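Report on one structure; see the data block that follows.
The values are calculated or read from the model by the stated rules, or taken from the named source; none is laboratory data. These numbers were taken from a predicted model, which means no experiment stands behind them. All Cβ positions, even for glycine, are placed from backbone atoms using ideal geometry, and neighbour counts span all protein chains on display.
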Amino acid sequence: MPERTLLIHRDITALADFVRNHHADFPTVIATNLLSMRFVRKEAAAGLRTTTLKQLSQRMLAGQGIRVMSEFERRKVLQQVLENIPLKYLPFNRPTLRQLSSIFSELMHAAIPPEKPLLVARTAREQDVAHCYQAYLTHLKAHLLADPAAVEFFALSCPAEPAAFLVYGYPYFDRAQLELLNRVCAAGSVITLTSEKHRVLRKASASQHELERLGWKVKQAANSSRQTVGTQAVHHLLEGQGPVPEGITHTALSSPETEVQQVFGHVHQLLLRGVLPEDVVVVVRDQDTYLPLVREASRRLQLPILCGQMLPLSYTHPARLVLSLIRANQKHWEHHAALEVLQHPLSRFADEINLKRKSLKVPPQRLQDWKLGEDARVLLLPAQASGASYGDLIREALAFLGLGHTVRGTHQTAMAVSRVLDILQSLSMLEKLTLEELRLELLEDFMDVGVPTVYSQRGVRIASPLALSGRKYQQVFVLGLSDTLFPQRPGADVLLDDHIRERWERSGVALVRQGERMHTERAYLHACLNTAIAKLHLSRPLFDLQGRALDPSPLCRNFQSAPALQEAVAATEMEAGLQGRVEESVQLRAKLELSRQKLHTSPHHGQVHWTVPKNHVWSPSQLVKFGNCRFQWLAEKALKLLPFPEVEKNLQRSTQGTFYHKVLEELLRPHVGTHPDAETLLAELPAAFERAEKNLLDTGELPPLPHWAFQRLELQQNLQNFVKSPFFLFQGSVPQQLEVHIEHTLHLQNGPFTFRGIVDRIEQTGQGTTVVDYKSRGYISEVRKADGSKLEVQLPLYLMAVNGQLGRYLSILNREKHLLRSVGPASADRGYSWESHQQEVLDFLENTATSVDQGEFPPTPGEGTCTLCDYGALCRVKARQA
Ligand code: SF4
């Protein structure tokens, strides 16, 4: 072919046939990308020379000493250029930078010379865009740099050495590519293009029209002898009549998650059946929605995938760590926000913090409470600062956490770290801003910039429609065929709206308009369908990730009557269970769980054999626990399986109790041995309150609480009511000892039995030695006996220890009934008998000693006990089953 030829066909297989049969006539084949190059070499089965237009351009630029910038350098240079331009309309900020960057790409792809927009710009806004464009290109030219977004445009200014090329795989060309091809292609060159006069192929037809104008001769390629599903799919797409060809499915699923799950279930089955991973491709148009789900699914099913697409940085660990750091500072390092940073997988403190969480009694609420050394101060960020200082401070903080330019982990993590550090450096153009403004800025940047998703040697290909151009796969899955996902519908450009673009076009500056973007989406779908050899599976979600209903894609209405893909065979045990096919081994385990919950005796019924030392010392609360559920006592007191500490945001009941006790002790301490009157005590109460507060804050027993200022008023009021009640201090009673630690041994039939405890107050009254125990509300802990009745053991034990006559439970908060109950020999309560009460307590102790000797600690569920128990997951008993 001496002339330059444009060979067209709607079916890529026909064009691939031409490449296979005629490649030997051309020294080099130009393909769309690396994938396409590999495909062409495979098809030709010979040592074919291949390149891409991008590579060709880069070589031409390198020949002239022009360097292609990196993505980050591009942002930096653009920023520098803009700093020196007096803008009339646009503000100098990062959103402007982002919008200009995207418009410049469009202008370069449209091969618009630097000075041209200035001739057509009318308004101040347009003039700003035009000035900046000219200044940017002038700067690049002066510094021998090229923009990576459109290298073909820069190659246009380089001398070309025309040769006979065969061009394959492009679905359409932009103006810069066309002009470049026109310069480098000598006579005899052939460009292949999937073009036809049809609205679906409008982009390709426009390229065809342009090449014809440049003198290229258009020829129709011969039909391929190979019949692929792709060929039939394209035919059906263009003709839109008759039933959907065989081998094509169309499935509607509830959400992108179920869609990915279903598709990957099928891919999993295909690989199990021996299909090679290289023969399968999953096409994803909306990367933000699908790539994270795809990554998750491939990990869950351990499916190898290859994906050169860019995952937004915001989904990566390094970006998340930066956002968590900002959040922790906004929340003043409150417990959970701090954990997000310190226990982050990339933090070098992750293990240390894990250990500290178990040992620190009070959950730290400030950064310094974690005791990470003086250097940890670098993690503190000011509430307001300039972008440059925030950038420096966050980099320092990341280095302290162990994140530098070198990082352990996958290649993707290393790239993500380097991109995050670059972005932090680019903060320098931001003026003073708050932490929240910084967070929003970074969030936007992290969504803008991406990292390659997965690197792997061999696997199922995950690709964008454009990356597929020219390739063929046996099994093709196209995801997300719902309106707004595929086709995507980006919002109108705020700098150059369609009205301006139309005017610019009339003056020779042709940029794509909103309405024309649909042509690109159609070209993408055409490329996807063209790819399939044996099977083509189209799918769509009915709702998006936010739960909004989605219409079917207007691009592929013709395919909606195709049969749906069969539900995938479960790939995991869990999925099989959800489909109602539970494996025998799982059923056995479920049976065992049920038997444990029903407390059936078996090797798994929750009992642990444990030898309690002979000299074990009991406390009343331990005895109550033991009496109510031995397993609970064993787990907490013997095995010391402490529940995970809760972050206190409100005053916990136990802390409140400690506080009341401490204030009352402080109040009565100066009056031991006397009988103070209520007025004196009320007058002294505020000072006692403050002493107790200081004391408990110093010891860490009272954590810093957000609403403490209000809570302390309420507590003070409660104590005032209690102290002025006649029950607080009976007429003539004289406090003798406060907060008395007692330890006492009883000699039971089983041997000695020692218990200890703290008596709140011992006083002398008309009835003799009296023991007082403060309760917050009306609850007195009691042991549940076999017949269901209850037995109170605390004050009887104390009375036996101090040889007392009367025990009184006083409620601090119950204003109706401050005196809850009296026990002991001097109790005058109706129907009460100390002898029988004491005997029952002794019987219970005998029983306890016997059980301990036998080493039996079965769970004994009870509605009240189980509700507040932390060990339900261990004993497998739930309260409702009690
Ligand atoms: S949940 Fe109930 S049965 Fe289980 S250990 Fe706790 S109190 Fe005992």
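Take the conditions more than 9 Å from the ligand (Cβ to nearest atom) and at pLDDT below 90 and apply them to ARG830. Does it pass?
yes
Within region 731-821, considering only strands (runs of 3 or more DSSP E) that don't extend past its boundaries, which have at least 1 residues that are of a type in the set (Lys, Arg), in contact (Cβ under 8 Å) with a residue 12 or more places away in the chain and buried (at least 18 other Cβ atoms within 10 Å of the Cβ)?
Ranges flagged: 751-765, 768-775, 806-811.
Would you pick out the residues in region 771-797 that are of a type in the set (Ser, Thr, Tyr) and within 20 Å of LYS662 (Cα to Cα)?
Those that are of a type in the set (Ser, Thr, Tyr) and within 20 Å of LYS662 (Cα to Cα): TYR774, SER776, TYR779.
Run ILE112 past the list (1) in the same structural domain as GLU126 (by TED's automatic domain parsing); (2) not in a loop (DSSP other than H, G, I, E, B) and report the number of the one that doesn't hold.
Here ILE112 clears every test but (2).
Could you list, in sequence order, the residues of region 628-645 that are out of contact with any Leu (no Cβ under 6 Å at 6 or more places or on another chain), within 11 Å of the ligand (Cβ to nearest atom) and either assigned to a helix (DSSP H, G or I) or basic (Lys, Arg) (or both)?
Across region 628-645, the qualifying residues are ASN628, ARG630, PHE631, GLN632, TRP633, LEU634, GLU636.
Which one of these does ALA142 not meet: (1) farther than 17 Å from GLU83 by Cβ; (2) out of contact with any Leu (no Cβ under 8 Å at 6 or more places or on another chain)?
(1)
Restricting to region 533-567, count the residues that are outside the structural domain of VAL284 (by TED's automatic domain parsing) and under 27 Å from the mean Cα position of the chain (by Cα).
Here the count works out to 0.
Could you list all residues from region 564-585 that are part of a loop (DSSP other than H, G, I, E, B) and not charged (D, E, K, R)?
Scanning region 564-585 gives ALA564, LEU565, GLN566, ALA568, VAL569, ALA570, ALA571, THR572, GLN579, GLY580, VAL582.
In this structure, does GLY470 turn out to be crowded, with 19+ Cβ neighbours inside 10 Å, of a type outside the set (A, V, I, L, M), touching a Ser or Thr at 6+ places or on another chain (Cβ under 6 Å) and within 28 Å of LEU34 (Cα to Cα)?
yes
Among the residues of region 39-89, how many are in contact with a strand residue (DSSP E or B) (Cβ under 7 Å, 6 or more places away or on another chain) and free of Cβ contacts under 8 Å to residues at least 24 places away in the same chain?
Total meeting the criteria: 5.
Please verify whether region 485-499 includes one or more residues that are aromatic (Phe, Trp, Tyr), in contact with an Asp or Glu (Cβ under 8 Å, 6 or more places away or on another chain), surrounded by 13 or more Cβ atoms within 10 Å (Cβ to Cβ) and modelled with pLDDT of 85 or more.
Yes, that holds for at least one residue.
Across region 849-873, what is the number of residues that are assigned to a helix (DSSP H, G or I), away from the ligand (no atom under 16 Å from the Cβ) and surrounded by 13 or more Cβ atoms within 10 Å (Cβ to Cβ)?
4
Can you say whether TYR798 is in contact with a Lys or Arg (Cβ under 6 Å, 6 or more places away or on another chain) and closer than 30 Å to LYS640 by Cα, as far as the supplied structure shows?
no
Could you check, for region 446-455, whether at least one of its residues is part of a loop (DSSP other than H, G, I, E, B), under 30 Å from LEU479 (Cβ atoms) and at pLDDT below 80?
Looking for residues that are part of a loop (DSSP other than H, G, I, E, B), under 30 Å from LEU479 (Cβ atoms) and at pLDDT below 80, one finds at least one in region 446-455, hence yes.
Kindly indicate whether GLN736 is in the same structural domain as TYR774 (by TED's automatic domain parsing) and not small (Gly, Ala, Ser).
Yes.
Show the residue pairs meeting these rules: Cβ distance below 8 Å; 6+ apart or different chains; first residue within region 146-158 and in contact (Cβ under 8 Å) with a residue 24 or more places away in the chain; second residue β-branched (Val, Ile, Thr) and assigned to a loop (DSSP other than H, G, I, E, B).
Once the first residue is in contact (Cβ under 8 Å) with a residue 24 or more places away in the chain and sits in region 146-158, its partners that are β-branched (Val, Ile, Thr) and assigned to a loop (DSSP other than H, G, I, E, B) give ALA146/ILE66; PHE154/ILE66; CYS158/ILE66.
Of the numbered conditions (1) surrounded by fewer than 17 Cβ atoms within 10 Å (Cβ to Cβ); (2) over 24 Å from GLN546 (Cβ atoms), CYS307 fails exactly one; give the number of that condition.
Evaluating CYS307 over (1) surrounded by fewer than 17 Cβ atoms within 10 Å (Cβ to Cβ); (2) over 24 Å from GLN546 (Cβ atoms) leaves (1) as the failure.
Quick one: would you say PRO620 is farther than 27 Å from ASP870 by Cα, out of contact with any Asp or Glu (no Cβ under 6 Å at 6 or more places or on another chain) and either within 16 Å of the ligand (Cβ to nearest atom) or at pLDDT 90 or above (or both)?
no
Hey, does region 51-73 have a residue that's under 25 Å from SER418 (Cα atoms) and aromatic (Phe, Trp, Tyr)?
Yes, region 51-73 has at least one match.
Among the residues of region 328-338, is there at least one that is under 15 Å from the mean Cα position of the chain (by Cα) and of a type in the set (A, V, I, L, M)?
Yes, that holds for at least one residue.
Quick one: would you say THR745 is outside the structural domain of GLY657 (by TED's automatic domain parsing) and under 22 Å from ASN814 (Cα atoms)?
no
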